[in-house]
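Take a look at the structure set out below.
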Amino acid sequence: MHNPDLPTVLEGYAGNTFRQGRFVERYMSRIGRSFWPVLKWKFSGNPRRQAKREDTWKLPVRPLAELPPSGQDALVWLGHASFLLRAAGRTLLLDPVLAGPRFLRRRAAVPLEWRGLAADYVLVSHGHYDHLDLATLAGLRGAGLTALVPLRLGALAQSANPAMAVQEAGWYQRYDTGPGLQVTLLPAQHWHRRGLGDYNACLWGSFLVQWGGRSLYFAGDTGYNGHFREIREQFGPVDYALLPIGAYDPARIMQPSHLNPEEAVRAFQDLQAGTLVPMHYGTFDLSDEPAGEPLRRLRAAVDKEGLGASLRVLDVGEVLPL
């Protein structure tokens, strides 16, 4: 399955496998197929409860009074997996979750007034509530606002904001974003579910953004697998890799779907990236590990591999010129 209106950039790729109403992929975590393992985990108690209670680390937040100038290429972390990217004169929002979801309490404030924010493109990696927030999409504006989403996720995204256009892509398909900017949907090892009956009814993925001789890879949510090496073999080394490092404990539940800090370093090396920007930690309490542990483990893993100069840890609201 693919979008016939968009080009496929990997020669010979036949498209995503869609069978009996579900995507069935080589890179697919099956942990979301049944609620029972997750329910058992949630009701079994956290053996690290005391360690979480004693860890008082909090994400630093820098209030952002105004956005970077439209002509300046820059990246702003908005917390969790949400970023604002200025590239090639366009404004892109990556997995923006700024209004909710209501059942997840933010532990780091949103650094800017986002309601009415004008954007050109909204990139949504998959349909989980901490990556696709309908209330946030409803509050965005822009004359040509367009959501770039995986296959079959467009209707849900557009339901939040009917004025927003939508483009759906399969893996290795490139969206139509006009001259000077290229956005390609790429594999991720993950899954889809928002309700009882929609397991893998929509595709998931990661993104490669290319402009002006530069490249930025946004992993979305993913477990560790061979797709990082495949992406580098197809597209070459990337300049910036935005990689998740949190929500990994307990491993029996989380590892198929999420990177731990050491796996993020392996993914960074597979991509042969220039700069590692960690994300997906500190904003929401999603798992058993203490809040500050992902970043501590990441720093240790980076130092062990001699990659300290490549790590760029952002405060929420911090502007990184590109």
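Worth pointing out:
- Of all the residues in segment 235-288, those that are at positive phi and either at pLDDT 95 or above or in contact with a Cys (Cβ under 9 Å, 6 or more places away or on another chain) (or both) number 4.
- If you check Ala88, Ala65 for being farther than 23 Å from Leu216 by Cα and either in contact with an Asp or Glu (Cβ under 8 Å, 6 or more places away or on another chain) or modelled with pLDDT under 95 (or both), only one passes: Ala65.
- Flag for Trp204 being among the aromatic types (Phe, Trp, Tyr), surrounded by fewer than 24 Cβ atoms within 10 Å (Cβ to Cβ), modelled with pLDDT of 95 or more and farther than 15 Å from Gln269 by Cβ: no
- Residues of segment 72-106 that turn out to be closer than 21 Å to Ala143 by Cα and basic (Lys, Arg), as a count: 2
- Pairs where the first residue, in segment 1-27, is free of Cβ contacts under 8 Å to residues at least 40 places away in the same chain and the second is aliphatic (A, V, I, L, M), C-beta under 6 Å, 6+ apart: Thr17/Val24
- Scanning segment 159-171 finds no residues that are on the phi > 0 side of the Ramachandran plot, touching a strand residue (DSSP E or B) at 6+ places or on another chain (Cβ under 9 Å) and either part of a loop (DSSP other than H, G, I, E, B) or not polar (S, T, N, Q) (or both).
- Matching residues in segment 197-214 - criterion: being polar (S, T, N, Q) and either part of a loop (DSSP other than H, G, I, E, B) or within 15 Å of Gly236 (Cβ to Cβ) (or both): Asn200, Gln210
- Verdict on Leu85 being farther than 19 Å from Leu295 by Cα and either without any contact (Cβ under 8 Å) to a residue 24 or more places away in the chain or outside any loop (DSSP other than H, G, I, E, B) (or both): yes
- Among the residues making up segment 88-97, those that are touching a strand residue (DSSP E or B) at 6+ places or on another chain (Cβ under 7 Å) and part of a loop (DSSP other than H, G, I, E, B) are Ala88, Asp95, Pro96, Val97.
- All conditions in (1) farther than 21 Å from Asp285 by Cβ; (2) of a type in the set (Gly, Ala, Ser); (3) surrounded by 22 or more Cβ atoms within 10 Å (Cβ to Cβ) hold for Ser125, with the sole exception of (1).
- Any hit, segment 220-231, residues being of a type in the set (Lys, Arg), within 24 Å of Arg86 (Cα to Cα) and in contact with an Asp or Glu (Cβ under 9 Å, 6 or more places away or on another chain): no
Here's the yes/no breakdown for (1) of a type in the set (A, V, I, L, M); (2) in contact with a helix residue (DSSP H, G or I) (Cβ under 9 Å, 6 or more places away or on another chain); (3) over 14 Å from Leu156 (Cβ atoms):
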position: Gly100; (1), (2), (3): no, yes, yes
position: Phe103; (1), (2), (3): no, no, yes
position: Val110; (1), (2), (3): yes, no, yes
position: Leu117; (1), (2), (3): yes, no, yes
position: Val124; (1), (2), (3): yes, yes, no
position: Thr136; (1), (2), (3): no, yes, no
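- Scanning segment 70-82 finds one or more residues that are among the small types (Gly, Ala, Ser), out of contact with any Phe, Trp or Tyr (no Cβ under 7 Å at 6 or more places or on another chain), more than 20 Å from Leu208 (Cβ to Cβ) and in a strand (DSSP E or B).
- Strands (runs of 3 or more DSSP E) fully within segment 215-322 counting 3 or more residues that are surrounded by fewer than 22 Cβ atoms within 10 Å (Cβ to Cβ) and β-branched (Val, Ile, Thr): none
- The set of residues in segment 49-70 being surrounded by fewer than 15 Cβ atoms within 10 Å (Cβ to Cβ), more than 16 Å from Asp315 (Cβ to Cβ) and basic (Lys, Arg) consists of Arg49, Arg53.
The values are calculated or read from the model by the stated rules, or taken from the named source; none is laboratory data. Not measured: the values here are computed from a predicted model. All Cβ positions, even for glycine, are placed from backbone atoms using ideal geometry, and neighbour counts span all protein chains on display.
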